[in-house]
1. Of all residues in the range 119-133, how many are at pLDDT below 85 and aliphatic (A, V, I, L, M)?
2. Would the range 96-119 turn up any residue that is touching a Ser or Thr at 6+ places or on another chain (Cβ under 6 Å), more than 20 Å from residue 12 (Cα to Cα) and surrounded by 15 or more Cβ atoms within 10 Å (Cβ to Cβ)?
3. Can you go through 70, 90, 33, 43 and tell me which one is touching a residue at least 12 places away in the same chain (Cβ under 8 Å) and aliphatic (A, V, I, L, M)?
4. If a residue must be among the acidic types (Asp, Glu) and either loosely packed, with under 15 Cβ neighbours inside 10 Å or at pLDDT 90 or above (or both), how many such residues does the range 22-50 contain?
5. Cβ-Cβ below 8 Å, separation at least six or inter-chain, first residue in the range 1-25 and in contact (Cβ under 8 Å) with a residue 24 or more places away in the chain and over 20 Å from residue 148 (Cβ atoms), second of a type in the set (Ser, Thr, Tyr) and surrounded by fewer than 21 Cβ atoms within 10 Å (Cβ to Cβ): which pairs?
6. Would you pick out the residues in the range 104-126 that are closer than 18 Å to residue 65 by Cβ and in contact (Cβ under 8 Å) with a residue 24 or more places away in the chain?
7. Within the range 9-21, work out how many residues are under 15 Å from the mean Cα position of the chain (by Cα), surrounded by 20 or more Cβ atoms within 10 Å (Cβ to Cβ) and of a type in the set (A, V, I, L, M).
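The values are calculated or read from the model by the stated rules, or taken from the named source; none is laboratory data. All of these numbers come straight from a predicted model, not from anything done at the bench. Glycine also receives a Cβ, built like all others from the backbone with ideal geometry; neighbour counts cover every protein chain displayed.
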Amino acid sequence: MPGYKGHLVGGLFFAIMGMVGCVLFGWIVIDPLQGAALTGFCLLGALFPDVDTDSKGQNIFYAVFAAVDLGMIICRQYVWAAWLGFFAMLPAIDSHRGWTHTWWAMLLVPTPILLVPLMVQGTGAITAFVPFYVAFCTGYFSHLLLDGKFV
């Protein structure tokens, strides 16, 4: 099983290949900022399954969670900050390689990427966030693949 560096490399490979494929098929036009953001989401997805254990990946992921949560608090978005805090605690409920290492978690965990814009801005906002959902799922898939879950 690869460590956090191996999962980051795997996530980066899948991010680049996914974006190249999407551009070649004409599914999406990616500017550099969006490409960097999609890569970031893919890398977070690649790290997420190991947030249930003390690891460097956990430290990186929770540093991002803390920064986003602090931003929400500064912007007085207390309800959203509370929800983020609640969801950030869920991986600690089970043992390592528990629910975070399942195919259904790969699809379910990133759903807030779609649900939050839906709740805030309505149905028209979802289409802009679908690539970010797919990027997170792709990174998550790369983690599960490298851990041998699909062998």
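1. 4
2. The answer is no, given that none of the residues of the range 96-119 is touching a Ser or Thr at 6+ places or on another chain (Cβ under 6 Å), more than 20 Å from residue 12 (Cα to Cα) and surrounded by 15 or more Cβ atoms within 10 Å (Cβ to Cβ).
3. Sole residue among the options that is touching a residue at least 12 places away in the same chain (Cβ under 8 Å) and aliphatic (A, V, I, L, M): 43.
4. Going through the range 22-50 one residue at a time, the tally reaches 1.
5. Partner pairs satisfying both residue conditions: 15/39.
6. Matches in the range 104-126: 105, 109, 110, 112, 113, 116.
7. 1
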